[in-house]
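Take a look at the structure set out below.
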Amino acid sequence: MASREIIKLPGPILRSKAHKVKDLGKDFQTLVDDMIDTMRDEPGVGLAATQVKVPLRVIVIEYPEDDSIDEAKPKLYVVANPEILRVSEEKVKGLEGCLSVPNIVGDVVRSEEIQVEGLNREGKKITIRAKGWLARIFQHEIDHLNGILFVDRAVALYEPGEIQTDTPNV
């Protein structure tokens, strides 16, 4: 297991669509382990394979299932081929940052609740219902797999010092 380099804008892979994962063998498992290490080392709460220069539909997320509990233990999500099946009508604006777009944060409007389907690292079909910040992180990471960055969706962007925030990098 090792950390990998995070690709930063204007890295072209960040604007490309990732390919479906077809083989969940040794190379896939190594990629997942490396992505987890990289996300934790940065530190971030989510990472897409495209951010480490691998054009596959894989995301890792580590965040509490329920963000209303202050001391909730983070849960690790590994999802191959994630797809958003449902989104709530309720939209919320929130501040986002990104490991691939350093030194900028922005207000982004996203669905408050979503349902995601994909495969876990063993290849079993999973369904995840997420709300609040967890839903935001899933949407942010899945956007990466489609070549979309938070700055593309932002209604306002800020540089360091313009606002005080502890926005997690996703």
Failed condition for V101, given (1) free of Cβ contacts under 8 Å to residues at least 40 places away in the same chain; (2) under 26 Å from H19 (Cβ atoms): (1)
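In region 94-101, is there at least one residue being assigned to a strand (DSSP E or B) and exposed (fewer than 14 other Cβ atoms within 10 Å of the Cβ)? Reasoning before the result, please.
Initially, region 94-101 is screened for residues assigned to a strand (DSSP E or B), giving 94-98, 101.
Filter again for exposed (fewer than 14 other Cβ atoms within 10 Å of the Cβ), leaving none.
Within region 94-101, none of the residues are assigned to a strand (DSSP E or B) and exposed (fewer than 14 other Cβ atoms within 10 Å of the Cβ).
Of the residues that make up region 94-111, is at least one farther than 19 Å from R153 by Cα and either touching a helix residue (DSSP H, G or I) at 6+ places or on another chain (Cβ under 7 Å) or modelled with pLDDT under 95 (or both)? Can you show your working first?
At the first step, the residues of region 94-111 found to be farther than 19 Å from R153 by Cα are none.
Scanning region 94-111, I find no residue that is farther than 19 Å from R153 by Cα and either touching a helix residue (DSSP H, G or I) at 6+ places or on another chain (Cβ under 7 Å) or modelled with pLDDT under 95 (or both), so the answer is no.
Going through Q29, Q51 one at a time, which residue ends up being over 11 Å from the mean Cα position of the chain (by Cα) and either at pLDDT 95 or above or of a type in the set (G, A, S) (or both)? Explain how you work it out, then say what you get.
Values: Q51 fails: over 11 Å from the mean Cα position of the chain (by Cα).
Step by step, each of Q29, Q51 is checked, and only Q29 is over 11 Å from the mean Cα position of the chain (by Cα) and either at pLDDT 95 or above or of a type in the set (G, A, S) (or both).
In region 37-52, which residue that is of a type in the set (G, A, S) and assigned to a strand (DSSP E or B) is farthest from N146 (Cα to Cα)?
Kept after step one, since they are of a type in the set (G, A, S), are these residues of region 37-52: 44, 46, 48-49.
Filter once more, keeping what is assigned to a strand (DSSP E or B): 46, 48.
Values: G46: 15, A48: 10 Å.
Ranking the candidates gives G46 first.
From the list P43, P55, pick out the single residue that is under 21 Å from E96 (Cα atoms) and either of a type outside the set (D, E) or free of Cβ contacts under 8 Å to residues at least 24 places away in the same chain (or both). Working first, answer last.
Working: P55 fails: under 21 Å from E96 (Cα atoms).
Just one listed residue meets the conditions, P43.
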Region 70-97: number of residues that are of a type outside the set (D, E, K, R), touching a strand residue (DSSP E or B) at 6+ places or on another chain (Cβ under 6 Å) and over 22 Å from D27 (Cβ atoms): 7
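Do we find a residue being of a type outside the set (A, V, I, L, M, F, W, C), assigned to a helix (DSSP H, G or I) and buried (at least 16 other Cβ atoms within 10 Å of the Cβ) anywhere in region 4-23?
Step one: list which residues in region 4-23 are of a type outside the set (A, V, I, L, M, F, W, C), which gives 4-5, 8, 10-12, 15-17, 19-20, 22-23.
Now narrow it down to the ones that are assigned to a helix (DSSP H, G or I): 12, 15.
Filter again for buried (at least 16 other Cβ atoms within 10 Å of the Cβ), leaving none.
Among the residues of region 4-23, not one is of a type outside the set (A, V, I, L, M, F, W, C), assigned to a helix (DSSP H, G or I) and buried (at least 16 other Cβ atoms within 10 Å of the Cβ), which makes the answer no.
What number of residues within region 132-164 satisfy the criterion of being surrounded by fewer than 12 Cβ atoms within 10 Å (Cβ to Cβ) and at pLDDT below 95?
Narrowing region 132-164 to residues surrounded by fewer than 12 Cβ atoms within 10 Å (Cβ to Cβ): 152, 155, 159-162, 164.
Then keep just the ones that are at pLDDT below 95; that gives 159-162, 164.
Total satisfying the criteria: 5.
Please state which one of E122, E117 is part of a strand (DSSP E or B) and of a type outside the set (V, I, T).
E117
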Number of the condition not met by I126 [criteria: (1) without any contact (Cβ under 8 Å) to a residue 60 or more places away in the chain; (2) within 27 Å of G11 (Cα to Cα); (3) surrounded by 14 or more Cβ atoms within 10 Å (Cβ to Cβ)]: (2)
Residue check, G132 out of contact with any strand residue (DSSP E or B) (no Cβ under 9 Å at 6 or more places or on another chain) and touching a residue at least 60 places away in the same chain (Cβ under 8 Å): no
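I'm trying to understand the selection: among the residues of region 24-51, which are small (G, A, S) and crowded, with 20+ Cβ neighbours inside 10 Å?
Of the residues in region 24-51, the ones small (G, A, S) are 25, 44, 46, 48-49.
Answer for region 24-51, where residues must be small (G, A, S) and crowded, with 20+ Cβ neighbours inside 10 Å: G44, G46, A48, A49.
The values are calculated or read from the model by the stated rules, or taken from the named source; none is laboratory data. Please read all numbers here as calculations on a predicted model, not as lab measurements. All Cβ positions, even for glycine, are placed from backbone atoms using ideal geometry, and neighbour counts span all protein chains on display.
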